[in-house]
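To start, the structure itself, in structure tokens.
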Amino acid sequence: MHVGKLVFAQLMDHLPWKSFARIVGRYGGDHRVRHFSCANQFRCMAFAQLTYRESLRDIEACLQAQRSKLYHLGIHGRVARSTLADANEARDWRIYADFAQQLIGIARRLYAEEPFGLELKETVYALDATLIRLCLSLFPWATYRSTKAAVKLHTLLDLRGNIPSFIHISDGKMHDVNILDRLVPEAGAFYVMDRGYVDYGRLAKLGDAGSFFVTRAKSNMKARRRYSRPVDRTTGLICDQTVVLTGFYARQDFDRPLRRVKFNDPETGKSLVFLTNNFALPALTIARLYKYRWQVELFFKWIKQHLRIKAFFGTSENAVKAQIWSAVCVYVLVAIVKKRLAIKASLYEMLQILSLTPFEKTPLLQLFTRIPPQISYQETANQLNLFD
């Protein structure tokens, strides 16, 4: 008799399946499908992400070894690698992209009050992109260079909880700065990005929307100092200035004052020059804000190491995007469970435990609770007592 739910099924219970069904209906994902539904496909892809499966054959072998438990996982019917391959090729990847956005909305509400190191009420985003290299002969649609293929993962990371609030998957040729045209700026929010995103026309649009940006100045920036504020040089600050751009095209794109903060990094000894359109925060806070941009780099490193987004189960554009969005769904789902159950373990520890226990029946909260071993010293009638 089945008593209790499997760990994988408990995890899937935290997903908004009604929203998933609406999204599937929007794109006709289950149209003329009799057996292997989009929900089954997602569960199989989530299982592959959680248990570090490397191929469709790997997924099929592991699930077939536990045939008697597939129903309790929520997977109905036999899982064949050909069926899963066809689903990855044919089912619209936007189903999983929209579902990931649903999960991101839930996670951001849960982490809205999460501290990230600076006492700021405003939302702080870190913007960056990472390259996922592919084989040109297998992925000819992912143009990058004449002899290489790649896709680029553009991510806007909410630093409260390290939740990706916006993700765009493009080919490797798309320049990072072009992603600013796809963002919908949030008034009052801070956008922290490196100098690859310095385009004065696009930065002016962020300012027009009531948003703030923090970025690094390019070495060839031409500007004239208008005003200098006093700084405490013992903190590493060198100067805090109001400047105006003097370059011909730069001045046409950005015809308003900028704040330039120069900071000497004590760890590397390098002098860094930051640009921002915020004149209210202390100069040291501006420098620290840019330091937290590194969280998006750690996010990219984390998902590449712990999720399956480097070895793909299909070679088409649809299959690759469906797998990446499934990985994002799993990442956000684990973050949601961590917050809802107030689990102290890190996301890394949770994924390691989940990879080994999907078929167990331990309650999730107990699974992640570290209980120290207790040794019972029970005395028996015939036990010799040396300390009487």
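The values are calculated or read from the model by the stated rules, or taken from the named source; none is laboratory data. Remember, predicted model here, so these are calculated numbers, not experimental data. Glycine gets a Cβ as well: all are built from the backbone with ideal geometry, and neighbour counts include every protein chain shown. The protein model used for the area step is the full one, side chains on, heavy atoms only, and it has no ligands, DNA or RNA in it. Shrake-Rupley method; radii C 1.70, N 1.55, O 1.52, S 1.80 Å.
Rolling a 1.4 angstrom probe over region 1-58 with all protein chains present gives an accessible area of which 52% lies on carbon and sulfur atoms. For the residue pairs Lys270/Lys304; Lys173/Lys291; Lys173/Lys321; Lys262/Lys304, the C-alpha atoms sit more than 23 angstrom apart in Lys270/Lys304; Lys173/Lys291; Lys262/Lys304. In the context of the full set of protein chains, residues of region 270-313 present 47 Å² of accessible surface per residue (probe radius 1.4 Å, heavy atoms only).
Label-to-label distance for Phe279 and His31 is 5.6 nm, based on points extended 7 Å past Cα in the beta-carbon direction. Accessible surface calculations at 1.4 Å, restricted to protein heavy atoms, place region 33-104 at 44 Å² per residue. Each of Glu297, Glu119, Glu267, Glu89 has its accessible area taken with a 1.4 Å probe; listed largest first, they run Glu119, Glu267, Glu89, Glu297. By DSSP, the beta bridges lying fully in region 86-228 are antiparallel in about 75 percent of cases.
With respect to the chain, whose longest principal axis is taken over its alpha-carbon atoms, helix 347-356 is tilted by about 20°. Subtracting the Cα-Cα distance of His14 and Lys344 from 0.36 nm times their residue separation leaves 117.0 nm of extension gain.
Scan region 302-359 for trypsin sites (Lys or Arg not before Pro) in coil per DSSP, keeping those whose Cβ has at most 10 other Cβ atoms within 10 Å, and list them by number. The qualifying sites are Lys344. The spacing between region 43-118 and region 1-32, judged by their C-alpha centroids, is 10 Å.
Considering only Cys44, Ala65, Tyr27, the residue lying farthest towards the positive end of the dipole of region 1-110 is Tyr27, judged by Cα position with unit charges set on Cβ.
Placing R0 at 25 angstrom, the Cβ-Cβ distance between Lys148 and Asn178 gives a FRET efficiency of 0.80 after rounding to 0.05. For Asp128, nonlocal amide neighbours, meaning residues 5 or more places apart or on other chains whose placed amide H falls under 5 Å from its own, are Thr155, Leu157.
With R₀ fixed at 22 Å, the C-beta to C-beta distance from Trp294 to Ala112 puts the FRET efficiency at about 0.50.
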